[in-house]
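To start, the structure under review is shown below, and the notes come after it.
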Amino acid sequence: MHTIEVTKRFATKEACLEYLAALRWPDGVYCMGKNCGVMGNEHFRKFTTKETKRQRYSKKEGKKVWVRVPSRTLYECRECGYQFAATTGTIFHDSHLALEKWFQAVALILEAKKGISALQVCRNLGIPETNYKAIWYLCHRIREAMIEAGILSGVVEADETYLSPRKPRKGFPKRKKQGTDVVLGMVERGGKLKLIPVADAKMTSIEPEIVKHVSTDATLQTDMSLVYSTLGRKRFPGRHRMIDHIMSYGQGENHTNHIENAFSLLKRGVYGTYHHVSIKHLRRYCNEFSYRFNRRGEQKGMFEETMRGLLRGQPLTYKALTASETAVS
């Protein structure tokens, strides 16, 4: 679903709630009560509360202040009396950002082939740039819902790339750690892509990921790296092709051009859109590019699938997002 369609169709909070309810309960409303579990629209009463005001303590002002409590559309279970909304228990629950903005942000991220920065999302949604942290947090929560599953089969090209120079350039300080920004790429010819951050380009880091994501019946296509040469003999006997890039970049079907093209797209996004990506968050950016690449011809289905992921996924807390960096696993 394109951004302009999302803007027109989900222009109101009510339209967004109806869509979320239909996605969450396709077979009828399900009671969110702890020990109830009643299902079926006939067992629920749907109503809308009135807008009210409530006193809450403000840390900024150091006293209680009156705040506006907007109206809510709720469901009440006729069996247990539990009241809940279509957003209860989801990432949208108690969000300070309007649902319409959430939907538009999802559409913007899904349409941006080379990614879109949090500042640009602020501008497109008409949100002050002073709220940058909130939008940056929102973008990462959307990326967290972009999870790729499945095993690659057929002819699978594999290679690794670095997102910063391997050797320090003249005038630049020497890097303390080498290889912490390595991305392993695997792509089916005519199929899916997987981009996975790894600790380094050694066998101990690459082999587990290849074994995990590539079918044992697949044909592995790589360059002449010693790591892949050893891996091919060990895991893909008789089903491993290698291309010597010193001699040629392609000899008929013997090439790694597809994965090189995917790396080119990733780097254009990192360097041209985000400018800098933290190692800690690199996994989410890789998931974003893989997810969008694999659904590039399915814009409407991609939007719906992402919204389902946001509804069923575990909310990413701001504390976890901003915690100190850990080693890439």
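The values are calculated or read from the model by the stated rules, or taken from the named source; none is laboratory data. On a predicted model such as this, the values are computed, not experimentally measured, just so you know. Cβ coordinates were reconstructed from backbone atoms using ideal geometry, including for glycine residues, and neighbour counts include every protein chain displayed.
Can you tell me which residue in the range 301-329 is farthest from Tyr137 (Cα to Cα), limited to those that are among the polar types (S, T, N, Q) and at pLDDT below 85?
Among those residues, the one meeting the criterion is Ser329.
Residues that are of a type in the set (A, V, I, L, M, F, W, C) and touching a helix residue (DSSP H, G or I) at 6+ places or on another chain (Cβ under 7 Å) within the range 202-222 comprise Met203, Ile206, Ile210, Val211, Leu220, listed in sequence order.
Does the range 228-249 include one or more residues that are touching a residue at least 12 places away in the same chain (Cβ under 8 Å), surrounded by 18 or more Cβ atoms within 10 Å (Cβ to Cβ), of a type outside the set (Ser, Thr, Tyr) and assigned to a helix (DSSP H, G or I)? Yes, the range 228-249 has at least one match. Only one of the numbered conditions (1) out of contact with any Phe, Trp or Tyr (no Cβ under 9 Å at 6 or more places or on another chain); (2) farther than 12 Å from Ala158 by Cα is violated by Ile196, and that is (2). Restricting attention to the range 212-226, the residues that are more than 21 Å from Ser248 (Cα to Cα) and either over 23 Å from the mean Cα position of the chain (by Cα) or part of a strand (DSSP E or B) (or both) total 5. Among the residues of the range 132-164, those identified as part of a helix (DSSP H, G or I) and touching a residue at least 24 places away in the same chain (Cβ under 8 Å) are Ala134, Ile135, Tyr137, Leu138, Cys139, His140, Arg141, Ile142, Arg143, Glu144. Per this entry, Arg268 is counted among residues that are surrounded by fewer than 17 Cβ atoms within 10 Å (Cβ to Cβ) and either more than 28 Å from the chain's Cα centre (by Cα) or not assigned by TED's automatic domain parsing to the domain that holds Ala118 (or both).
Can you name the strands (runs of 3 or more DSSP E) wholly within the range 43-127 that have at least 2 residues being surrounded by fewer than 16 Cβ atoms within 10 Å (Cβ to Cβ)? If you could, list the steps in order and put the result at the bottom.
Working: elements: 44-48, 52-58, 63-69, 73-77.
Result: 44-48, 52-58, 63-69.
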